[in-house]
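Notes to accompany the following structure.
The values are calculated or read from the model by the stated rules, or taken from the named source; none is laboratory data. The shown structure was predicted, so the numbers you read here are calculated from the model rather than taken from an experiment. Every residue, glycine as well, gets a Cβ built from its backbone with ideal geometry; the counts of neighbours run over all protein chains shown. Just the protein is used for accessible areas: all its heavy atoms, side chains included, with ligands, DNA and RNA removed. Shrake-Rupley method; radii C 1.70, N 1.55, O 1.52, S 1.80 Å.
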Amino acid sequence: MKKIFTLLLVLVALPLVIPAPGQAIPAFARKYGFNCMMCHTAYPKLNDWGQRYRDNGYQLPGQTGKEKTMFDSHTPIALRTSVGFNGYNASPLTTGSFDLMGLDLLAAGVMHKNVSVLLIYTPRIDEPSADAAGAEPLQLGALESANIAFSNIIRNALNVRVGRFEPAYHLFSSKRSFYLNAPYEIYEYRPNGTFAFGDNQTGIEATGHFRMGFKYALGIVNGTGATAENDKSKDVYLALSQTIGPGDGQSAGQRVGAFAYYGNQPYAIPVWNATADTIMRLAWSDRSKPLYRYGASGSFNWKTLNLTAMYMRGLDDKAGNFLEKSAKDCEFQGAFVELDYGGLWNNRLIASVLYNWVEPPSYGAKMIPDGYSVPGMINAYSTLVRYYLGDWNAVNVALHAEYTYRTHEHKSNKELALFKESYYSMLVDFGF
Amino acid sequence: MGKIVALLAVTVLFIPLAALAGSDAVKPVPPITQTSALWLGPVKLGVLPAPPIPPDNPQTARKILLGKQLYFDTRLSRDNTISCATCHSPAMGWSDKGPTSKGIDGQMGGRRAPPASNSAYNPLQFWDGRSPSLEDQAKGPIQNPIEMGNTHQVMIRTVSDIPEYVEEFREVFGTSPITVDQVAQAIAAFERTIVTTDSPFDRFAKGDETALTCIEKKGLEIFNGKGRCSCCHWGPNFSDGRFHNLGTHMNMGKPDNGRYDITKDPKDMRAFKTPTMRDVGLRPPYLHMGNEKTVEDVIVFYNKGGGFKDPNMDPMMIPLGLSKGEIRALVAFLEHAMTSLNPEVADVKPIPASELPK
C-alpha cells in the first residue's frame, strides 16, 4: 500500500522540483536595440506592451509590416538558464546542491508580414548538480513550443496559432512568472496523473483582441497526458477577458477573465497484482473519459504593484480514480494570489509574494480503504526578490532569491497527516 | 502521421490567407525617397551617420551659403516679415516658441513648427508627412496663406530683382533665370547641414563613459526600457519618422486629422509624425500643438497613457508606471544629454538683413 502513497506523492510533488522553463526572448531586444524592460515588467514577466507585441505576432503594435523579418535581422536565437544553489528541507531531511536550474533554447521571429514562428527546446540535462549524486536528469529534453502564428487575419479579431504552444487560457503564464520553481500549484495539479493545466498543448488556437479591452481565445488541442496512440478525441477551450482602463491588465488597467476547458482524456490506471492485492504499475487506459476545468481570474494594477488572482475548479471522471471502490468523480479546486512590486529605476528590483491553495478531491473517510492514503489540502507560501544587472542596452542578468514553505495533507481513514517542506533558491538568472 | 499531414495542410492553407489579409491596398502616400534609409525598424539608438544627400541635389559650399541666406531672408514672404528662421529659429532649437507658429499678419497656425535640425533624416516632412523631401517641403510655407503668404511667382520675382542673388544662383546652378526648384534646393542644402552630432549621448555612445551623469544614464535606460520612448523615438535620430495618434485631439471641436488628410487611410486618423528627440530641451512647448509646456509635462502625459480616449489611439500608448524618480531621470537625460554641443550648429546666428544679398 505504501506504493500507492509513494506514487501519489511523486505525482503531486514532481512538478514542484522540476523547474518551470521560463520564456524571455532576448533575440527580440537585440533585433530592435531595446532594453528588456520595454516588453517585460522585468523579464520574464510581460508588461502590457510586451503582451500586445506577442498578441500581434511578434510585430510592434500598430506597426505591422514595417520591420525586418528574421531573415534580415540578427540570428533570432536566445538562451535562458539559471545557475545557483537550491536547498530543500522536509524535516529531518535537508539537502542542498549547486545546480544548473534549467536551460531553454529559443528561436522566434517574423518570417513574413503577419507570419511568425516560435521554437523553444529544453535540452536534456543529465547531471542534476555539481555536488550531489543523482540518477534522475535535472531536465528532460522536450520541444516545449513549436508553432507558427498567422496574425491579423481579420484585423485584430482573428489570429491563428498552429503547432505546440502555450494556450491562451493561461491568463497568467507560469512560463513567464518571476518564480523559477513551478509557481502555480493548480496549474500542475493532476489528480489522476494525466492532464496538467499548466502544460503546453498541441493543436490550433484562434485569438482576438479588441480596442475596447476584450480578448478571446478558442482552441482545439490534443490535451496533455495523451499520446497519439491513446487519445481518441480532441479537447476544446474558451477563454474570455476584459480589461478596464488603458492597458492590457499586465502592468496597467484592471483585467478580469474566465475560462472553460472540456476534454476527453485517457487515464492512468493501476495494474493490480491480484495475488498480493497491490498495484504493480500504472498503465494508460484505452478509454477516454471527460474532464472539465473552469475558473476565473483577475489582474489589478496600481502604480508598479500588480495583484493577480485565479480560481479554478476541476472535474476528472471517476474512471481514473485510484480508489477502486469509489464511485465519485474527482472534483477539486484551487487558487493562487500573487502580488508583484517593481522598484528602483527601470524596475531593477522585483519583490513578490505568492499564496497557493489546492483542495484535492474530497473522499470521506469511509471511501478510503484500510491502508490507503490520499492527498489532502495543499497550501504554499512563496516569496522572492530579484535584482537585475545590466545597462541601457539590456538588463538580462538577475540575482534571484526565492523561498517557499509548503504543506500538504495526506488522508487515510484513520488520520490526517500534515507534511511540511520548504525549498529555497539563490541563483543567477541569465537571458542572452 | 495523419496529424502531421493535417497540421501541414492547415499551415499551407493559412500562409496565402494571412498574406492576403496582410496586403494593404495601394494608397496615395508620397514616395519614400533615399532619405528613408532608416525606414525599416526599429534600429538601435546611436550616433548619427552623415545625412543622406539626394543625387540630384549635391552639397556644395556655395549652395549651402545661398541656402542659408534664403533661410534667414524675410523677403521670401509676401510682406517681408517672415523667413524660414522666424518659425524654425536656431535660438529655439530650430523650432518655435509656440505653442503654435505665428505666420503672416499675425495669423496663428494650427500646429507648431517642427524642428529644422536633423530634418535631413526624416523620411517624410511636415507633421503629416505630406512632403517626400526637404526640397519639396521648402516650397510649401512660401505659398501657405497663413505662413509666408506669398506665391512662388512673386517670390521668384522678388529674388530675381536682387542682383547679388541672381549672381549667386548663376554661380551655384549655372543657369538662369532663378526657379522655385533652385530656391528649394538651396534651402534644403543648408538644412542638411543643421545636423546635431555632438550631444553628451553621442559621446557616451562613442565610448566616453563620463559623458553622462549617473542620473542621465538611468534616464537613458528608462528611455530605452520601461519608459518605452524608443519604441517610436528610435535610431540615431531618435525618431521612427512614422505617424502616431497620441490622443491629443478628442477634446477639440474640430480635431486636426493629421496624416489622415494625406493618405485617407482611417488608420492614420489624427496621427502625427514622431519628432526627433535631439535637442528636445531647447524647444518647449511640446507635441504638435504645443500642449505640454515642459519635457516633464510630456513624460507625465505619456505616463498616464496619452491623452483623451481616442478610438484610433496608437496601440503603443499604454500607461508606463514611472515613479517620480524615474521621471526626473528621464527629464535629466532628455534635457541635458540630448542637447548638442556642435558649435557649427548651436552658434548659428540669423543673418542680419544688412548682410543679406542686395
Residue pairs meeting the criteria (Cβ under 9 Å; at least 6 apart or on separate chains; first more than 9 Å from chain B (Cβ to nearest Cβ), in the stretch A:243-258; second open to solvent by 50 Å² or more (accessible area, probe 1.4 Å) and among the polar types (S, T, N, Q)): A:THR243/A:GLN254; A:ILE244/A:GLN254; A:GLY249/A:GLN242; A:ARG255/A:GLN242; A:VAL256/A:GLN242; A:GLY257/A:GLN242
Matching residues in the stretch A:372-419 - criterion: being polar (S, T, N, Q) and more than 14 Å from every other protein chain (Cβ to nearest Cβ): A:SER373, A:ASN379, A:SER382, A:THR383, A:THR404, A:THR407, A:SER412, A:ASN413
Criterion (under 24 Å from A:TYR294 (Cβ atoms) and buried (at least 21 other Cβ atoms within 10 Å of the Cβ)) met by exactly one of A:SER177, A:SER151, A:SER145: A:SER177
Those residues of the stretch B:132-175 which are of a type in the set (S, T, N, Q), over 26 Å from B:SER354 (Cβ atoms) and either open to solvent by 30 Å² or more (accessible area, probe 1.4 Å) or without any contact (Cβ under 8 Å) to a residue 40 or more places away in the chain (or both), in sequence order: B:GLN143, B:ASN144, B:THR151, B:GLN153, B:THR175
Lone unmet requirement of (1) away from chain A (no Cβ under 14 Å); (2) open to solvent by 10 Å² or more (accessible area, probe 1.4 Å); (3) touching a residue at least 60 places away in the same chain (Cβ under 8 Å) for B:ILE215: (1)
Tabulated pairs, the stretch B:262-289, first free of Cβ contacts under 8 Å to residues at least 40 places away in the same chain, second part of a loop (DSSP other than H, G, I, E, B) and open to solvent by less than 20 Å² (accessible area, probe 1.4 Å), C-beta under 8 angstrom, 6+ apart or interchain: B:ASP268/B:ARG259
Number of the condition not met by B:GLU292 [criteria: (1) open to solvent by less than 30 Å² (accessible area, probe 1.4 Å); (2) closer than 23 Å to B:SER119 by Cα; (3) in contact with a strand residue (DSSP E or B) (Cβ under 6 Å, 6 or more places away or on another chain)]: (1)
Verdict on B:THR276 being among the polar types (S, T, N, Q), closer than 23 Å to B:PRO90 by Cα and not assigned by TED's automatic domain parsing to the domain that holds B:SER119: yes
Qualifying positions in the stretch A:184-208 - touching a strand residue (DSSP E or B) at 6+ places or on another chain (Cβ under 6 Å), assigned to a loop (DSSP other than H, G, I, E, B), closer than 19 Å to A:GLY334 by Cβ and not hydrophobic (A, V, I, L, M, F, W, C): A:TYR184, A:TYR189, A:PRO191, A:ASN192, A:GLY193, A:THR194
Wholly enclosed strands (runs of 3 or more DSSP E) of the stretch A:40-131 bearing at least 3 residues free of Cβ contacts under 8 Å to residues at least 12 places away in the same chain and within 25 Å of the chain's Cα centre (by Cα): none
Residue ranges of helices (runs of 4 or more DSSP H) in the stretch B:93-203 with at least 1 members of a type in the set (Phe, Trp, Tyr): B:163-173, B:180-191
Selection within the stretch B:219-238 - open to solvent by 10 Å² or more (accessible area, probe 1.4 Å) and either more than 8 Å from chain A (Cβ to nearest Cβ) or within 14 Å of the chain's Cα centre (by Cα) (or both): B:CYS229, B:CYS232, B:HIS233, B:PRO236
So A:LEU79, is it buried (at least 20 other Cβ atoms within 10 Å of the Cβ), modelled with pLDDT of 85 or more and touching a strand residue (DSSP E or B) at 6+ places or on another chain (Cβ under 8 Å): no
Residue count for the stretch B:320-338, restricted to those that are within 11 Å of another protein chain (Cβ to nearest Cβ) and surrounded by fewer than 20 Cβ atoms within 10 Å (Cβ to Cβ): 4
Verdict on B:ASP314 being outside the structural domain of B:ASP128 (by TED's automatic domain parsing), closer than 26 Å to A:ILE244 by Cβ, modelled with pLDDT of 90 or more and open to solvent by less than 30 Å² (accessible area, probe 1.4 Å): yes
Filtered residue count, the stretch A:389-416, keeping only those that are over 19 Å from A:PRO183 (Cβ atoms) and open to solvent by less than 40 Å² (accessible area, probe 1.4 Å): 7
